[in-house]
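Heads up: the structure comes next, in structure tokens.
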Amino acid sequence: MILKRRLIQPMLLALMLGLAVSGCGSDYTVFHPAGPVAQSELNLIVLSTVVVGIIILLIWALWAYVLIRFRDKPGNKAPYWPTWRHHRLLEVLVFIFPVVALVIIAIPTIRKTYALAHIPSAKRPPLVIDVTSLDYKWLFEYPQEHVATVNYFYMPVGRPVLFELTAHSPFGAFWVPNLGGMEYTMPNRVLPLWLEATRTGIFDGRNANFSGKDFWRMSFKAHAVPESQFQSWAQGLRQHAPRLTDADWQKLQQFTVVRASSYSSYPSNTFPERPTEFTVHGLYYTPTHKP
Amino acid sequence: MTMNPWITHLMKRLFPPQVLLPDIIGIDIGLTVAAIAAIVFLTKTKRWGWLWREWITTVDHKKIGIMYLLAALVMLFRGGVDALMIRTQLIAPHQHFMSAQQYDEVFTTHGTVMIFFMAMPMVFALFNVAVPLMIGARDVAFPRLNAISFWLFAFGAILLNISFSIGGSPDAGWMSYPPYSELMFNPGVGENYFLLSLQVAGIGTIATGINFLVTVLRLRAPGMTLTRIPIFAWSALITSSLILFAFPPLTVALGLTMLDRIFGASFFTLGHQGMPMMYANLFWIFGHPEVYILIMPAFGVFSEVVPTFSKKPLFGYEAMVVSLLAISILSYGTWVHHFFEMGAGPGVNSFFGLSTMLIAIPTGVKMFNWIFTMWGGRIRVSVPMLWQLGFIPTFVVGGATGVMLAAVPADYQYHNSYFLIAHFHNVILGGTVFGVLSGMYYWWPKMFGWKLNERQGVWAFVFFVVGFWLTFMPQYFLGFQGMTRRMSTYPPGLGWTALNFWSTIGAYVMGVGFLIMVYNIIWSRIHPDWDTTGDPWDGRTMEWSLPSPAPEYNFARIPHVHSRDEWWEMKQEGRTDEVKISEETVHAIHMPRNTPMPVLLALAFFVGSIGMVFEWFWLAILGGLGVVAALTYGSFADYSEKEISRDTILHTEAQLGRVES
Amino acid sequence: MSTVTETHRSAARPPEFEDTHESIRILGFWIFLTTDVVLFGSLFSVYAVFRNRVALGPTPHQLFAMGPVLAETLILLTSTFTCSLSLYAARSDKLKGAVAWLTATLLLGASFVFLEIREFVGDVRAGHTWHQSAFLSGFFTLVGTHGSHVTVGIAWAIMLVLQLMSRGLTVTNRRKLYTFTLYWHFLDIVWIFLFTVVYLLGIA
Amino acid sequence: MDIQRHLPPPEPTGHGDEVEVRILTPHIAQPHFPAMQVTGYGLSLAITLIAFAMVAYHWMGLNTLVTVLIVMAFIQGALQLGIFMHLREAKGTLWHLPVLALALFIGLGIVGFSMWIMLFKSGVS
């Protein structure tokens, strides 16, 4: 008994401490989705947590019960079956039990995996943002608006955004937890990711993949604003911001951390060859690259 | 005078600024002093010959196992100190306990050392010590190859560990994804150290895989069919087959990176249409089976420990074997779950998500089977069992979060976050490390002839487990707050501070647990609790029928096996005298002789690797010639085996009280 | 020596398997070969993925000259035939035959390696180093790994010839010859796939 | 004799595995003329030359050609294994067979899956 208390109590204590010191505040970005992608991912997280939670609790309970009941101590009246090594029904049950739990998780997993690979067709045509991860900074280019930003971007609320991700540096991973899950940025390759904001706000984004000694400073802000404000912001940049020249582009290649900045235009050669096929339902990115 | 610039250049290459930090120089001095002390001690006590004859040139699986174990404990210390440095850095926002560069080096070596130079040798230690004894064999199938494996591992470990004082540590993470690990972003020799040390140790690992596969398949005692071998031997068999097919892709991934870095190829480079993602692909073809290479032996240990300490046979032996086989096959088809975010598409992701989830089924079956083994038993909570009891509630959490991670869209939010860190520490620490420590306490008397103190063992366990939960539970929540792995520090105001603080405290508690364990070993060595029976735990399998430690030839007479828990059955039926020998039944035994070839071969590999690391090709060629020379010597040498005469055996066995009167 | 030969004649089992320990070594060597299967599988996967990543370098079509490659293939096929005859001779207790066929094998192997090196040197002279593109890196590494395996095989064969000549058809030497033939035939299988996947499909 | 004999005396294996896994029992024979070897050599030469001719003279469309060539490579590989590599020789059980099968399965899996993964069928949209 003493031993059991030694085991369980600290474990529970540690768990409760973890929960208590934090609570479920707004710092839990994953738990506060601001768009359909993050929402759908959160739903799956909750579902899978509940299912595996039941399994965890069941095994903990069984474990504790067995441990208490069958301890080798004098006067223990529990049965002792020194030759019990098979039970067909039990063995089938312990097989079926995890299968059922997994089916519950697997079906929505696959459905969502396919669903999130496409922007729902009912939506408006997406805004395209070309994202390039550079060494310790992010470059965002708007091929439709012809403006560019560094370390922050604006996106309209209620309209899907198609991020075309690439890297001119080691692997990065583009992650805005409030809006949805991440995707790698890789050199010689353009990967698509769509996200959407359904409420306004400024969301933290971050490079989630180690890419060098200052990688921890590679964060950026995603501003979700109403469509009209987005248009006027782009308009404002086009009129007032400086141009992103080739020299600026070279400068961005250096291993530096820079502050957020905006540009009214950018050279055409900064982003790898753009994928050519573009349909709402199946944009298949063929490997594209410049030699 | 002309020598001067050359020497300056050499010194700059050997000692770049990153190895000239005061703490590293301090450690260098400490290590040098320790080495000198060891040399003086060995010389004064005239033990060089003993060291050479008994250990360095040995081909005895039991001694090789002990050497693996000691090396693994040293590496556990090294990796543990790295972990504490990481946690110290992260205890509060904007800490500058280390520079970002040093932090990168520390987390890289932490991961590399823990996986390749702590967990793997720990597993091999247990294989070497237990498997031949369990299946009634005199040695492993290829004793010399076994020694080669060990020495390749040892020199690989040395190679990685000298990097922090000579030339600079690797700093691209234990996965070393290109293009960050390519010359363009990562000049210097650190990455070369990483590539070469893993390559050298990896050759040894493949050899171990071959060795134990053949050992279990071919060296079983008469009557010990595959349905009668202990589950630990099964786990050795299956782990070996995993090693065979997991390590070649790693060899290729590391080799191609090396060609890129040293010989100017264009596999994973930015330019010339290199494709870094192919490295991730190859690496995880290895990497995923690797985690099962680490966990299966732990499963095997628990399948021995639970029946022994519950006084009951294992529940569902067949199910256990089938689930081990299922896990091993499935583990080859899940690797993409390490990069769901690399855009392979929904079809690929769904497939690999599903296959990952499938692994949970056999694993779940095993969990239940251990619990049912305890059910209706009489559970003695000795230290090995204690680790198992800590394992079940811990590992189930790790496994469950693994299922959560396999849900692809959810993984988009977990990937590379602290949720992932918590998950894999939960399975690797809570599974593998608990398992090998359980096995260490369990087989310790068989290795050394004395038991480890129980009371201290309990304390070590308590500190370790409490520290473990305190360290890693907060990290799950940090993941949900968007904290990503490998950040050398973090700004305040994101809500990460409190959780990181508790995590760091937990890490120190775990560190105390490790120190208690070291104390436990040293104290028990000074006050040995001799195991005179050879069967301290009332065991069930054949190794407990032998004296502790087992004589050089293991079994004076190879036993005939009739059932699964043969030794237990013998004890139940009062047949324990069957293990005794008499003048009529004893025969002379032929054993392989010690040979310096393995250590010299590994040394040649080491020298050649140093040459490759610094791109001194003359040295690399020299090392290569050394390898060829050692192999040629090995091919032409006359390996006449030594004979242990009947009289010697009778004498030895008589002293152990194992001769029929 | 002589006892072994006699048991061989009467037994159904070839001499390589008479001795338990040597038979275990043969199993061990088989297992080693299976790891090599996966090694080459990984290299093939790299080549398959990189095949179209030619950057500014030549395409397979432009690079490969089929004449020498066909010659290499025929040489290697012949060498595996002579290799099998060497084992056959050993099993018929013909030491001289075994050594002669083995020497033929290693000479054919050497000419294979010579042709391959010549091909590589020609490519590099033409400026097509593996630095030029991912495809070339994959090509040189895949073919080169096979070539280095053959080179190791030649060194092994030389040692084997020396041991056969000095010690005769001992149990150990029979086993070594047996494992060597396994290795050599395995390399031939790898080459068949190289020939098909790299060269034939490269120009197809 | 210059070999080790630290193993139990070679009584017929004793593991009983031959009984357990009947399909893995060895088969061993040494004929008086190397007919198998000669046949194997002839066949492999023939297959190689046919494959070469198929490519050189463009006998069929590219897709069919690829399939046929790969099938022929497998046939030739099987020939080598069966005829030259004495696949069914062993002492005790033919343990190398399941291991080899697993290796082929995994090796092919690596090639196939890698190609599938690297297609990047990232539908978005």
Tally, over segment B:370-401, of residues that are more than 7 Å from chain A (Cβ to nearest Cβ) and not in a helix (DSSP H, G or I) = 1
Take the residues of segment C:114-143 that are of a type in the set (Gly, Ala, Ser) and assigned to a loop (DSSP other than H, G, I, E, B): which is nearest to the other protein chains (Cβ to nearest Cβ)?
-> C:SER133
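Quick grid of which residues meet (1) surrounded by fewer than 24 Cβ atoms within 10 Å (Cβ to Cβ); (2) modelled with pLDDT of 95 or more; (3) of a type in the set (D, E, K, R):
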site	(1), (2), (3)
B:ASP171	no, no, yes
B:LEU183	yes, no, no
B:ASN186	yes, no, no
B:GLU191	no, no, yes
B:ILE210	no, yes, no
B:ARG220	no, no, yes
B:MET224	no, no, no
B:THR227	yes, no, no
Please determine, by comparing only the residues of segment B:185-208 that are in contact with a Gly (Cβ under 8 Å, 6 or more places away or on another chain) and in a loop (DSSP other than H, G, I, E, B), which one is nearest to A:GLN253 (Cα to Cα).
-> B:PHE185
Is it the case that some residue within segment B:275-294 is modelled with pLDDT of 90 or more, within 25 Å of D:ILE110 (Cα to Cα) and hydroxyl-bearing (Ser, Thr, Tyr)?
-> yes
Looking at (1) more than 21 Å from B:ALA130 (Cβ to Cβ); (2) surrounded by 15 or more Cβ atoms within 10 Å (Cβ to Cβ), which is the only condition B:ASP565 fails?
-> (1)
Looking at segment A:111-123, is at least one residue at the interface with chain B (Cβ under 8 Å from one of its Cβ atoms) and in contact (Cβ under 8 Å) with a residue 12 or more places away in the chain?
-> yes
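Do any helices (runs of 4 or more DSSP H) entirely within segment B:562-636 hold 1 or more residues that are in contact with a strand residue (DSSP E or B) (Cβ under 9 Å, 6 or more places away or on another chain), and if so, which? I'd like the intermediate steps shown before the answer.
On the way: elements: B:566-572, B:597-613, B:617-636.
Counting at least 1 such residues, we get no helices (runs of 4 or more DSSP H) at all.
With the structure loaded, tell me whether B:VAL433 is closer than 30 Å to B:ASN500 by Cα and either under 24 Å from the mean Cα position of the chain (by Cα) or modelled with pLDDT under 95 (or both) or whether it fails that test. Show your work before the answer.
Values: closer than 30 Å to B:ASN500 by Cα: yes; either under 24 Å from the mean Cα position of the chain (by Cα) or modelled with pLDDT under 95 (or both): yes.
The answer is yes for B:VAL433.
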Members of segment B:298-320 found to be facing chain A (nearest Cβ under 8 Å) and among the aliphatic types (A, V, I, L, M), listed by number | B:LEU314, B:ALA319
Segment A:174-186 residues that are more than 7 Å from chain B (Cβ to nearest Cβ), paired with ones that are acidic (Asp, Glu) and part of a strand (DSSP E or B) (beta carbon under 9 Å, 6 or more apart) = A:PHE174/A:GLU183; A:TRP175/A:GLU183; A:VAL176/A:ASP204; A:ASN178/A:ASP204
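Table: residues versus (1) surrounded by 13 or more Cβ atoms within 10 Å (Cβ to Cβ); (2) in contact (Cβ under 8 Å) with a residue 60 or more places away in the chain; (3) of a type outside the set (Phe, Trp, Tyr).
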{"position": "B:ASP28", "(1), (2), (3)": "yes, yes, yes"}
{"position": "B:THR32", "(1), (2), (3)": "no, no, yes"}
{"position": "B:THR45", "(1), (2), (3)": "no, no, yes"}
{"position": "B:LEU51", "(1), (2), (3)": "no, no, yes"}
{"position": "B:VAL59", "(1), (2), (3)": "yes, yes, yes"}
{"position": "B:LYS62", "(1), (2), (3)": "yes, yes, yes"}
{"position": "B:MET67", "(1), (2), (3)": "yes, yes, yes"}
{"position": "B:ARG78", "(1), (2), (3)": "yes, yes, yes"}
{"position": "B:VAL81", "(1), (2), (3)": "yes, no, yes"}
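Looking for whichever is β-branched (Val, Ile, Thr), surrounded by fewer than 19 Cβ atoms within 10 Å (Cβ to Cβ) and either out of contact with any His (no Cβ under 8 Å at 6 or more places or on another chain) or farther than 30 Å from B:GLU552 by Cα (or both) here; the options are B:THR112, B:THR88. Which one fits? It would help to see each step written out before you state the result.
Values: B:THR112 fails: surrounded by fewer than 19 Cβ atoms within 10 Å (Cβ to Cβ).
When all the criteria are applied, what remains is B:THR88.
Take segment A:51-90 and flag every residue that is in a helix (DSSP H, G or I) and either within 7 Å of chain B (Cβ to nearest Cβ) or touching a Pro at 6+ places or on another chain (Cβ under 6 Å) (or both).
To start, the set of residues in segment A:51-90 that are in a helix (DSSP H, G or I) comprises A:51-69, A:88-90.
The answer is A:VAL52, A:ILE55, A:ILE56, A:ILE59, A:TRP60, A:LEU62, A:TRP63, A:VAL66, A:LEU67, A:LEU90.
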Residues that are closer than 20 Å to C:TRP30 by Cβ and surrounded by fewer than 17 Cβ atoms within 10 Å (Cβ to Cβ), drawn from segment D:105-115 | D:PHE105, D:LEU108
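Restricting attention to segment C:121-174, which residues are aromatic (Phe, Trp, Tyr) and in contact (Cβ under 8 Å) with a residue 24 or more places away in the chain?
First, the residues of segment C:121-174 that are aromatic (Phe, Trp, Tyr): C:130, C:135, C:139-140, C:156.
The answer is C:PHE135, C:PHE139, C:TRP156.
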How many residues of segment A:98-110 are under 24 Å from B:TRP370 (Cβ atoms) and within 7 Å of chain B (Cβ to nearest Cβ)? The answer is 4
Those residues of segment C:106-120 which are touching a residue at least 40 places away in the same chain (Cβ under 8 Å) and not aromatic (Phe, Trp, Tyr), in sequence order = C:LEU106, C:GLY109, C:ALA110, C:VAL113, C:LEU115, C:GLU116, C:ARG118, C:GLU119
Selection status of A:ARG124, crowded, with 16+ Cβ neighbours inside 10 Å and assigned to a loop (DSSP other than H, G, I, E, B) = no
Can we say B:GLY624 is touching a residue at least 40 places away in the same chain (Cβ under 8 Å), of a type outside the set (Ser, Thr, Tyr) and farther than 19 Å from B:GLU552 by Cα?
-> no
Just to be sure, is B:GLY574 among the small types (Gly, Ala, Ser) and crowded, with 20+ Cβ neighbours inside 10 Å?
-> no
What number of residues in segment D:58-97 are surrounded by fewer than 16 Cβ atoms within 10 Å (Cβ to Cβ) and more than 17 Å from C:TRP191 (Cβ to Cβ)?
-> 12
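Is it true that some residue in segment B:410-418 is over 15 Å from B:ALA298 (Cα atoms), in contact with a Ser or Thr (Cβ under 8 Å, 6 or more places away or on another chain) and more than 10 Å from chain A (Cβ to nearest Cβ)?
Keep residues of segment B:410-418 that are over 15 Å from B:ALA298 (Cα atoms), which gives B:410-418.
Imposing the further condition that a residue be in contact with a Ser or Thr (Cβ under 8 Å, 6 or more places away or on another chain) reduces the set to B:410, B:416-418.
Next, from what is left, pick out any that are more than 10 Å from chain A (Cβ to nearest Cβ): B:418.
Yes, because at least one residue in segment B:410-418 is over 15 Å from B:ALA298 (Cα atoms), in contact with a Ser or Thr (Cβ under 8 Å, 6 or more places away or on another chain) and more than 10 Å from chain A (Cβ to nearest Cβ).
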Consider A:LEU93 against the criteria (1) at the interface with chain B (Cβ under 7 Å from one of its Cβ atoms); (2) more than 17 Å from B:PHE309 (Cβ to Cβ); (3) free of Cβ contacts under 8 Å to residues at least 40 places away in the same chain: it satisfies all of them except one. Which criterion is unmet?
-> (1)
Run down C:THR151, C:THR196 and say which single residue is of a type outside the set (A, V, I, L, M, F, W, C) and either surrounded by fewer than 20 Cβ atoms within 10 Å (Cβ to Cβ) or modelled with pLDDT of 95 or more (or both).
-> C:THR151
For B:ALA498: the one exception among (1) farther than 30 Å from B:GLN475 by Cβ; (2) among the small types (Gly, Ala, Ser); (3) within 14 Å of chain A (Cβ to nearest Cβ) | (1)
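The values are calculated or read from the model by the stated rules, or taken from the named source; none is laboratory data. Values in this document were obtained by computation on a predicted structure and should not be read as measured data. Neighbour counts are summed over all protein chains in view; Cβ atoms, including those assigned to glycine, are modelled from backbone coordinates with ideal geometry.
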